Amino acid sequence: MTPPAAATRRPAGVLILGGTAEARALAAELVPTGRRVVSSLAGRVSNPRLPVGEVREGGFGGPEGLAGWIAAENIGLLVDATHPFAERMTASAASAAALAGVPLLVLRRPGWREGPGDRWRRVPSLAAAAAELGRSFPGGRVFLTTGRRSLPVFAGLDSMWFLARSVDPPAPPVPANTHVVLDRGPYTVEGERALVGEHRLDVLVTKDSGGAMTSAKLVAARELALPVFMVDRPPLPEGVRLVESVDEAAAWVQAG
Ligand code: NAP
């Protein structure tokens, strides 16, 4: 006798949109439960840190492509654990979840908080950071930690000097006076303090990524009274369900 179609299918899996430490930690919590867990990476960085379990790489081809992939792979739950600045992927996940009719959870680590001794200026975008830098620090020496694809935004600031740190070499165009440091963290306060001193840096520019992996620069900046331009996170799509910890996300999956 032929079994009914549903019985021949594997149990619905969980798709984690990753590329973050939280996504890797979530996969590590869920894989031992025996449920099918697929982690997805954009495939942009060379030699990425891989989560445990099944991994796929590369874009899906927009929301329709992702919705199609979800249906074809019998995915029953979608967790968007991408970086807080992966704005396109997060928008695509929200649309695809609606198209495919699967529940979506966004896992996003909390942003950083300004504390006593900090000298932060919050800016709404990288472009606003570049404009403010040009006005406030003409001829200044900038510690730029906003990622390799952000350099073109600062490319017009030719009177300034940039120490640009990124995992892979930055995409051109880059500012005229740029020194690139390839590194991926985690970083130490001592190391960050040394970089600021060695390169006589006047100001730090960072995105509000949150998390412990890259927060040492903020401690060093506080200790050295270094001004910080903090680029705000893009807003989440309307109505998405948000948690801020891996444990909450794991509990949501296990209840689903
Ligand atoms: P993005 O601009 O929001 O996404 C651009 C496109 O890349 C997406 O539309 C999607 O292509 C594809 N993509 C992104 N994340 C993906 C994933 N996890 N799996 C499969 N495809 C993905 O993203 P981004 O800012 O370039 O970030 C790329 C990846 O790096 C993300 O996984 C993110 O978690 C990680 N990351 C980003 C940052 C950052 O500062 N932005 C920092 C650290 C790590 P399709 O439309 O074709 O599906």
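The values are calculated or read from the model by the stated rules, or taken from the named source; none is laboratory data. What you see is a predicted model; the values in this text were computed from it and never measured. Cβ atoms come from the backbone with ideal geometry, glycine included; neighbour counts cover every protein chain shown. Heads up: the accessible areas ignore ligands, DNA and RNA and are worked out on the full protein's heavy atoms, side chains in. Shrake-Rupley method; radii C 1.70, N 1.55, O 1.52, S 1.80 Å.
Rundown of residues vs (1) among the small types (Gly, Ala, Ser); (2) under 15 Å from the mean Cα position of the chain (by Cα); (3) open to solvent by less than 80 Å² (accessible area, probe 1.4 Å), yes/no style:
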{"site": "GLY197", "(1), (2), (3)": "yes, no, yes"}
{"site": "THR206", "(1), (2), (3)": "no, yes, yes"}
{"site": "SER209", "(1), (2), (3)": "yes, yes, yes"}
{"site": "MET213", "(1), (2), (3)": "no, yes, yes"}
{"site": "VAL231", "(1), (2), (3)": "no, yes, yes"}
{"site": "PRO235", "(1), (2), (3)": "no, yes, no"}
{"site": "ASP247", "(1), (2), (3)": "no, no, no"}
{"site": "ALA250", "(1), (2), (3)": "yes, no, yes"}
{"site": "ALA255", "(1), (2), (3)": "yes, no, no"}
| query | Residue check, PRO63 against (1) within 11 Å of the ligand (Cβ to nearest atom); (2) outside any helix (DSSP H, G or I); (3) over 17 Å from TRP252 (Cβ atoms), all met but one. Which one? | reply | (2)
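So that you can scan it fast, the table gives a plain yes or no per residue for (1) in contact (Cβ under 8 Å) with a residue 60 or more places away in the chain; (2) within 15 Å of the ligand (Cβ to nearest atom); (3) assigned by TED's automatic domain parsing to the domain that holds MET213; (4) touching a Pro at 6+ places or on another chain (Cβ under 8 Å):
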residue: GLY68; (1), (2), (3), (4): no, yes, no, no
residue: ALA81; (1), (2), (3), (4): yes, yes, no, no
residue: GLU87; (1), (2), (3), (4): yes, yes, no, yes
residue: ALA91; (1), (2), (3), (4): yes, yes, no, yes
residue: LEU104; (1), (2), (3), (4): yes, yes, no, no
residue: ALA129; (1), (2), (3), (4): yes, yes, yes, no
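Table: residues versus (1) open to solvent by 30 Å² or more (accessible area, probe 1.4 Å); (2) of a type in the set (Val, Ile, Thr).
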{"site": "THR145", "(1), (2)": "no, yes"}
{"site": "SER150", "(1), (2)": "no, no"}
{"site": "VAL167", "(1), (2)": "yes, yes"}
{"site": "PRO173", "(1), (2)": "yes, no"}
{"site": "HIS179", "(1), (2)": "yes, no"}
| query | Are any residues in segment 50-72 open to solvent by less than 50 Å² (accessible area, probe 1.4 Å) and more than 23 Å from the chain's Cα centre (by Cα), and if so, which ones? | reply | GLY68
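Would you confirm, using the coordinates I've provided, whether LEU26 is open to solvent by less than 40 Å² (accessible area, probe 1.4 Å), within 9 Å of the ligand (Cβ to nearest atom) and either over 16 Å from VAL79 (Cβ atoms) or under 16 Å from the mean Cα position of the chain (by Cα) (or both)? Working first, answer last.
Numbers: open to solvent by less than 40 Å² (accessible area, probe 1.4 Å): yes; within 9 Å of the ligand (Cβ to nearest atom): no; either over 16 Å from VAL79 (Cβ atoms) or under 16 Å from the mean Cα position of the chain (by Cα) (or both): yes.
In short, no.
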| query | From the set of residues in segment 135-170 that are charged (D, E, K, R) and either over 17 Å from the mean Cα position of the chain (by Cα) or on the phi > 0 side of the Ramachandran plot (or both), which is modelled with the lowest pLDDT? | reply | ASP158
| task | Working only within segment 1-56, note down all residues that are farther than 21 Å from GLN254 by Cβ, part of a loop (DSSP other than H, G, I, E, B) and modelled with pLDDT of 90 or more. | result | GLY19, ALA42, GLY43, PRO48, ARG49, LEU50
| remark: Checked pairs for segment 214-231, first touching a residue at least 24 places away in the same chain (Cβ under 8 Å), second part of a loop (DSSP other than H, G, I, E, B) and of a type in the set (S, T, N, Q), C-beta under 8 Å and 6 or more apart or across chains, list as THR214/THR145; ALA216/THR188; LYS217/THR145; VAL231/SER125; VAL231/THR146
